Structure formats: C-alpha cells, structure tokens
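Okay, structure first, notes after.
The values are calculated or read from the model by the stated rules, or taken from the named source; none is laboratory data. Quick caveat: nothing in here was measured; it's all calculated off a predicted structure. Quick note on the areas: whole protein, heavy atoms, side chains included, nothing else; ligands and nucleic acids left out. Shrake-Rupley method; radii C 1.70, N 1.55, O 1.52, S 1.80 Å.
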Amino acid sequence: MAYDYSDLVKQAQDWAQQLVNECWLTEVQVQALLNDDFQSVQTLFDASVEAPLVVAFLGGTGVGKSTLLNRLAAKNIAKTGVVRPTSKEVTLFHHADIHINQLPEGFPLEKIRIDKHFEEKNRHIIWIDMPDFDSTEQSNQGIVLDWLPHIDVLIYVVSPERYRDNKAWQLLLAEGGKHAWVFVLNQSDRAQPEQYEDFEKQLHKAGFNQPLIYQSCCIDDDLAASIDEFSALQAMMQKLATKKTVKQLAARSEKVQRSELIQELNTQLSQLGESGKQIKQLNDFWQIQWQNFELLLKEAMALPMQQLAQNYALNSANLAKNSEHNLWDTWAQMRFTDALDSLILQADSLALPIVPMKQLLEPIRSQIKTTIQDNSLLEVRKSLIKPGNKLQRAILKISAIAEIILPISVMGWVAYQAFIHFYNSSLMGTSQYLGADFAINSVMLIAIVWLFPYFLQKKLTPSLEKAAAKGLKRGLDKSLQIIDMQVLSSIEDYELQRQNQRKTVLEIMEHCKQENTKKIEGQESAELSRLLLP
C-alpha cells in the first residue's frame, strides 16, 4: 500500500510528539520533524486543470533578477533600482487563463504582485521574481523559503561580482535535489572568461555534471547582442513547459522529500538506541550491582535486625503499636538510590534515553521503605504466631498433653494399687498398709511424670527473639527479591516501550520508500537531465 507524503509527515510528527510527551526525546531533538520543514506542499492550482511550469528567478542582491523578468514581460512589472535590497516582494507573471486556486495559509498577501499576459508561447509557464535571499531583512528569506516548495525550475542568477556569494549558494546546496536548476550569468558583457569557467567549476563541485548556463546582458550594443542568450533561456523554459515534465519534476521533488524524511527519522531512531544488545548489557550490569548492594545491606542490617527483634519479642502482644520501628533507614535508602542511579548512568553511557527509565524506577525508589516494612512485619507476625520449627511445635504439643495425662494416669494407677491391696486385706480379715516405701515411690513417680513434660516444654519453647529475628530475615530476603524483580521488570518494560517506538518509526520509514506518485512514462529528456542533480 502506498502512502501520500502528507500522511507520512503527519505520522512522523505524531510519533515525534509522542516521543516528547513520553520523555523519550526532547522537543529540541525532534524540532526538525515538528517544524514546517517537512510539511507537504499545498497545491496552488485547481486539480481539474493542467498545472503550469512554475519558474522562479533566484539570486543575491543586485544580480539583475527583476531586470530579467521585466525583459521577459517587455514592461516594468518588477521593481528595479539602486536601493538594496530592491526586491522585497514576490512578483508573479503568468497567462491570463491561469488561475491560482488559493495561497497557503500564512503567505504574506501584501508582498505579492501579480501581472498577467496573453502570450500563447508562455501560456503554461508562471514566471516569479523572488526577493533577494541574501538581504539583511529576515522577512525576505522567509518569503523565499515559503515559496520554494511550489517552484519547479529555479533560475539561479549571478553577476560577475556576485557569483561566489555564500548565502544563495548554501540555499542551492540545501534545495538542490528538489528542483530543476538553470544558471544565468547576468551582466556577462562585464564578465571575464575566467569567471565563467570558475562558476562552471563551482557547479561541478555542487554535483551538476553538465550545468545549463546562459549568459545575459541588459544593455543594447553589438557586443552584448553577440553573447546574450536570454532568448535561448526563454525557449528552453517553453520547451520544458509540458504536462509530462511538470509531473516528472513533482515526482522527483516528492522522492527527495521522502528521502529527507527518512534521513531525519533515521536520526531520531539512532537517539533511541541501536539494538537489544544494550538492554542485555544493562541487565548484566544490574545483576552485579544488585549482588554487591544486597551483600552490603545484609551486613549492615545485622545489628538493627537484632535490636528490632528484641523489641518485637518484648512487645509481641501488640505488634501494631511497634510498627514504627522501621528496619529501613536513611542510610539504606541512600545506598539503594546510589544503585538505581548507577543503573541510570549505565543506560546513559549506552546511549539510551534515561528519562523514561527514571520514571519507571521512581515508584520502586519511593516505595521500597513501605515494601521492606510491610513484608518484614508480616513475616515477624507469622514467626511469632508459630515460633520454632515443625518438630519443636509437635513435641511441645505432645508434652502439653503428656503433662496432663501422665500425672493423672500414674495417680490412677497408685489409687488402683492401694484399693486392690485394701480390698485383699479385708477379705483376709486383716488390715494391712502398703507402707512408706510405696507412698514415697508413688509420690516420686507422680512427680517425675509431671516434671518431665514440664521441663521438656521449658527447654523446647522457642525464643521469641529468635523467632522475630528469623521473621525479619525472611521478610528482608523476600522484600529484596521483590525489589530485584521489580527493577528487572522495569528494564523489560522500558525495552518493550523502546522497541515499540522503534517499530513505529521503522514502519513509517518503510512507507516512505513506497512510491505513491504515478509512474511517468518515458525517461527524462536530455535537457531536463542537465537541470537535475544526479
């Protein structure tokens, strides 16, 4: 599917604005995309009629652009004079049958002059005299840049004294591929052959293989007439003023615009980072950083955890009131902040945008204290509710039962022995006692079966302090594991977002490569090829 250039620009600008909104890049970094440099050209003509060839005279102050247009029109339609800059407005000269549909928004109407003619040979040409581009008035440069996208052929006018002017030359280099170029050495009756040759060499350096250069003179004498080629220039423009040429120039201009858009998108793409290899390096860096931080933290937390465990053991009945005894202090927070900052600096050294990463890591940074406190307190409560290990708790339960059952069982057995003995004695008619030995042994047996479970419970009852310390350690380990996973998940989310941004711009670039202009049958003419940069 082919895409209109205007749609591609809109997609690129929406993408650039999204990058700014989500802090992947700054407005300064995407300024070239957000400004009007890539705006599509609004047509000046009704789509139902054949578009004319738009030809403009461009050059520095005093080279004779307006004089050439007046000569073409055979009347003074463009201002000329000795005051510099002379051209401060755009002058349009075209056939009366050509109707400009509408001017783009923002065009300074007060600086546009229009003059019409009825010459059939120039029916399909609009001649434009542009303001002096090298003028000290910034508004003149703005007018030229506003009109450039609407021009098919630029007639670059120079004089023997001004053919090396830098400002207009820089414009030629910047706009070279978007237009057809014809060059005029005006006032050539005052030029030296070396100047013509030097000007041609400069054009070769700019990329023109066989630049089309005409000489022009604005005075009437035999010498000027012999070297003046203005009529040939006019004839060349009339030859180029065909529907096919206009379409070829439009297609070429759009191709250059698409290439420039791709180049700018490539620039923005490089600022997002090159490949997923950087994220792997970032993950590896964090693992090393986290291991060092975790080791340091556990060593530093040993004493605070011991003190906090003692406090929890003494106040185990009401842990809620003791939740203000935080395990996570300012020192720990600073060390964790240092670890995150090191990760961000590493991302910066890998040429990755760091603001989105900061935003993803900030909730972890701000919530770590709550995470540590909640998990450690929860684990302490679990430990204090069920202190010790399962074997200890099982033995203690058995001991508690044995502490009741064994004494009762032994006392029942002693009572039974006493009853049987007295019963047998009564049958024999004699009263006999079991004696002191039996009584002492019975008491000792009862005491033993009662004291043994008691001492067993006494010795096996877990220390609340140890239980609290165990809960704190388990809570800290669990919290650190959660935090590590959160950081790794943030890096993963960061990479996912980055790849989505890269995918979007790669799709736009791929769309830019799909030509949307209709194929023009036949190759460019030899004359037109000389006017174009290869």
One quarter of the convex hull surface, Cα atoms only: what value does that give for the range 121-278 in nm²? 13.0 nm²
Sequence-distant residues sharing a close amide H with H95 (under 5 Å, placed H): H117, I125
So what does I155 come to for accessible area, using a 1.4 Å probe and Å² rounded to 10? 0 Å²
Sequence of K397, K369 from largest to smallest accessible area, 1.4 Å probe: K397, K369
Please work out how much accessible surface R113 shows to a 1.4 Å probe, ignoring ligands, DNA and RNA, in Å² rounded to 10. 80 Å²
